[in-house]
Amino acid sequence: MSIFVNSDTKVIVQGMTGRAGTFYTDQGMRYGGNYVGGVRPGKGGRRHLDLPLFDTVQDAMARTGADASLVIVPAPFAGEAMVEAIQAGIGTLVCVTERVPQHDMARVKAALRQSNTMLIGPNSQGILSPGQCKIGVMPTVDARPGNIGIASRSASLTSEILAQCSRAGLGQSTTVGVGGDTLHGVGFVECLKRFKDDPDTEAVVLIGEIGGTEEEEAAAYILDSGFSKPVVALVVGRHAPQGRRMGHAGTVSALGLGSAAEKIDLLRRAGVAIADTADDVVQALAGFQKAA
Amino acid sequence: MFLSEHQSKELLAQYDVPVPSGRLARSSEEAEARCAEISARKYVVKAQITAGGRGLAGGVKFAATPSAVAEEARKMLGSNLVTAQTSRSGEQVDAVSVEEALELEDNVFIAFVLDPSSGQVMLLGSAEGGVEFEQRSRMDPSTVKSLLLGPDSPETRAELTTFLSSIGILRDGPLDILFAARQAFVDNDMVLLEMNPFARTSAGNWVAVDAKITLDGSAMFRHPEFESLADKQGLSATEMEAQKNDINLVRMEGNIGVVVNGAGLGLATNDMVYDAGGTPANFMDIRTTATSFDIAKGVSLLLDQPKARVILLNVHGGGMTACDTVAEGISFAYSRSDRKLPVVARLAGQNAEWGIRILRDRKIPVEVFDTMSGAVSRAVELAS
């Protein structure tokens with residue numbers, strides 16, 4: 001099992017004909033993902049990578065039965081593409097595009113409120129269920145199927161932790177990149193809820209960093225819900241220069257741009273095992289295995 | 001993208017948000033001359049930098065006469081103002097704003113942001129504005145109230161009135177001004193609009209005495225009108241050069257040049273360097289769209305830093321930025337520089353072995369490690 005996606009997930013790609021779209025669709029297909037088509041306005045009816053192209057998401061969903069979409073279009077058009085997919089009723093939406101304007105994300109969030117779509121991203125590496133489905137831009141060479149669930153705010157660091165886990169014989173159920181932007185779709189809490197109900201996930205790794213409120217919300221959820229599976233957290237940026245250009249203290253406190261120390265403290269108090277550095281995650285996970 | 005106070009106020013004035021009458025000056029003589037253009041009994045001289053926290057750092061001074069204005073301007077201009085929000089070297093003051101000093105009665109803090117969870121426009125307010133607020137709110141965030149504020153309508157007016165009373169504004173609330181500010185926030189792709197203090201003068205008029213705006217750099221493609229502001233961002237020449245090459249680079253104080261792909265891995269690497277007793281010369285994040293030429297440029301910028309004694313290369317290759325791309329970039333940079341700093345490399349992920357082979361083939365003075373901590377300890381050793 002896995003969360004959000006599995007081997008049955010039918011994937012379309014918005015922006016499939018671009019350079020990056022072509023590259024990552026091809027990689028996703030080679031990995032064994034069930035890619036069924038692409039969306040490119042004005043190119044409906046043609047084929048690309050031997051898959052049918054459609055003018056709209058609605059059209060693509062009706063003709064292919066797709067339930068997930070990967071948005072890989074340039075930033076000025078990404079907001080619009082996400083809104084289109086949400087309004088068409090897509091189940092899982094993954095956006096890897098970087099630098100989507102925040103006010104465009106405000107419109108995306110408004111569309112999400114009236115839908116059942118789960119948005120992953122933007123500025124996300126995507127979602128990977130090893131051996132089942134890859135929707136995103138992450139490398140897969142080191143991924144192995146298994147029982148560790150990973151939710152992360154950082155792409156390269158996820159790849160690093162995942163590789164270390166695999167080397168230690170700890171495969172992964174699903175890795176979710178919640179994205180590096182302030183305004184994004186699903187967060188740590190939604191991932192934790194899914195991991196809790198996923199029989200194949202035995203332990204969860206959260207990869208956080210300074211800024212935002214993901215870690216604080218995760219800590220509160222773990223504490224309040226009596227989360228039963230072991231959680232290991234790595235929060236990076238302990239030594240990042242603080243307060244630099246982050247706005248007024250009033251804004252900072254309201255937006256909760258918390259320091260790594262504050263986040264680590266809250267997570268620890270919620271019973272989460274803290275990995276001090278990226279090289280300590282596997283050991284923390286192994287600690288749980290011994291205890292079990 | 002940060003606007004200076006003067007730029008922020010000019011933008012707000014276009015939306016009929018009242019601001020004090022003020023003039024920009026680039027010399028003390030000009031500052032003195034500008035006083036004649038402002039009808040004021042007393043003046044205030046304000047350093048125009050993009051970072052906040054000026055008041056506590058001596059960047060805001062009151063002056064009774066035009067000659068006192070000239071004296072304050074002379075002290076500020078050309079100096080490096082170090083505030084809680086700048087880097088340790090501060091930001092150079094190239095201009096000051098000379099404004100009418102107002103008699104203020106009510107003082108509040110007002111800000112607009114996008115609420116991260118809902119994406120809606122959020123108004124922040126606190127009963128106590130001004131300079132000291134900075135320290136107070138850091139201790140007690142509960143003094144800051146928030147309201148998700150929709151566009152102007154009878155309902156949102158009622159909500160705003162209730163909100164204002166919660167921060168002590170019980171009568172004649174500046175509703176029109178706040179809706180105008182909200183419009184400016186949305187129209188211009190702002191991610192932060194602060195008015196602190198937002199104040200009522202003894203004459204009963206609400207004025208944005210200070211204003212600070214951050215624009216969304218990702219939205220600048222639809223705002224060519226702000227293009228000319230892009231050069232004055234309080235960034236060093238090095239940092240700006242890096243940005244042009246798809247590399248986020250922040251200069252730091254230490255002697256270990258750090259080359260990393262991805263912000264998270266960059267933060268993780270710097271944490272490990274500090275833990276091992278070293279200090280990074282920089283923070284680096286090679287963006288996924290960077291080519292080997294971009295990376296070469298970023299590495300050259302590090303080789304040009306006299307303090308740097310070693311390059312720590314920590315890359316987890318993935319997708320389109322595979323390890324060989326980074327190795328090519330390093331090799332280009334070294335082929336163009338006389339400074340052959342030792343490289344401590346840890347490459348993993350896509351094409352890691354290929355990347356190492358490139359570094360060795362090009363005769364880069366490289367030591368290769370399997371783990372991040374191994375590479376970090378060696379780099380710290382070489383730097384000390």
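³J(HN,Hα) across the stretch A:227-237 via Karplus (A = 6.51, B = -1.76, C = 1.60, θ = phi - 60°), whole Hz, x for Gly/Pro?
Each residue's phi maps through the Karplus curve to give 3, 8, 8, x, 10, 10, 10, 10, 10, 9, x Hz.
What is the stretch B:235-383's relative contact order, in percent, from Cα pairs under 8 angstrom and six or more apart in sequence?
Reported relative contact order: 24 percent.
Restricting attention to the stretch A:95-153, which trypsin sites (Lys or Arg not before Pro) occupy a DSSP loop and are surrounded by at most 14 other Cβ atoms within 10 Å?
none
How many nm is it between the label spots at B:Phe62 and A:Arg63, if each spot is 7 Å from the Cα in line with the beta carbon?
Between B:Phe62 and A:Arg63, the simple spin-label model gives 7.2 nm.
Enumerate the calculated ³J(HN,Hα) couplings along the stretch A:29-46 in order (Karplus 6.51 cos²θ - 1.76 cosθ + 1.60, θ = phi - 60°), each rounded to whole Hz, writing x wherever the residue is Gly or Pro.
Working through the residues one at a time gives 5, 4, 6, x, x, 8, 7, 10, x, x, 10, 8, x, x, 10, x, x, 8 Hz.
Select from the stretch A:1-96 those trypsin sites (Lys or Arg not before Pro) which occupy a DSSP coil region and have at most 15 other Cβ atoms within 10 Å, ordered by residue number.
Within the stretch A:1-96, the qualifying trypsin sites (Lys or Arg not before Pro) (loop, at most 15 other Cβ atoms within 10 Å) are A:Lys43, A:Arg46.
Relative contact order (percent) for chain B, with alpha-carbon contacts under 8 angstrom and 6 or more residues of separation?
Relative contact order for chain B comes out at 13 percent.
Peptide A:179-187: average number of partner chain Cβ atoms within 10 Å per residue?
3
List the aspartates and glutamates whose Cα lies under 17 Å from the Cα of A:Lys263, skipping any in the same chain that are fewer than 8 positions away.
Within the straight-line limit of under 17 Å, A:Lys263 reaches these aspartates and glutamates: A:Glu209, A:Glu214, A:Glu215, A:Glu216, A:Glu217, A:Asp224, A:Asp276, B:Asp271.
Looking only at other chains, what is the average number of their beta-carbon atoms within 10 angstrom of each beta-carbon in B:257-265?
Partner Cβ neighbours, averaged per residue: 6.
How much length, in nm to one decimal, is gained on full extension between B:Arg357 and B:Ser202, taken as 0.36 nm per residue of separation minus their Cα-Cα distance?
48.5 nm
Report the residue, chosen from A:Ala110, A:Ala155, A:Ala203, that carries the largest GNM mean-square fluctuation when chain A is represented by alpha-carbon nodes joined by springs under 10 Å.
A:Ala110
With a probe of 1.4 Å, find how much accessible area chain B has per residue, and write the answer as a whole number in Å².
With all protein chains present, chain B gives 41 Å² per residue.
So between A:Ala220 and A:Arg113, what do we pick up on full extension, going 0.36 nm a residue minus the alpha carbon distance?
Gain in length upon complete extension: 36.3 nm.
Work out the mean other chain Cβ neighbour count within 10 Å for the residues of A:230-240 and drop it here as an integer.
Partner Cβ neighbours, averaged per residue: 5.
Given H placed on each backbone N at 1.01 Å, which residues far from A:Gly146 in sequence or on other chains put an amide H within less than 5 Å of it?
Result for A:Gly146 returns A:Gln172, A:Ser173.
For the protein assembly as shown, what proportion of DSSP beta bridges, expressed in % and rounded to the nearest 5, is antiparallel?
The antiparallel fraction comes to roughly 50 percent.
Amide H neighbours of A:Val231 under 5 Å, counting only residues 5+ apart in sequence or on other chains, H built in-plane at 1.01 Å?
A:Val204, A:Ala273
Would you compute, from DSSP H runs of 4+ residues alone, the mean residue ellipticity of the protein assembly as shown at 222 nm, taking -39500 (n - 2.57) per run and dividing by the full residue count, rounded to the nearest 500?
-10500 deg cm²/dmol
Tell me, what is the percent relative contact order of chain A, built from C-alpha pairs under 8 Å that lie six or more residues apart?
RCO, chain A: 14 percent.
Whole-Hz ³J(HN,Hα) for each residue in the stretch B:109-119, computed from phi via Karplus 6.51 cos²θ - 1.76 cosθ + 1.60 with θ = phi - 60°, x for glycine and proline: what do you get?
Here the 3J(HN,Hα) series is 9, 10, 8, 10, 9, 9, 5, x, 7, 9, x Hz.
The values are calculated or read from the model by the stated rules, or taken from the named source; none is laboratory data. Since this is a predicted model, take the numbers as computed values, not measurements. Cβ atoms come from the backbone with ideal geometry, glycine included; neighbour counts cover every protein chain shown. Please note that ligands, DNA and RNA were not included when accessible areas were found on the heavy atoms of the full protein model with its side chains. Shrake-Rupley method; radii C 1.70, N 1.55, O 1.52, S 1.80 Å.
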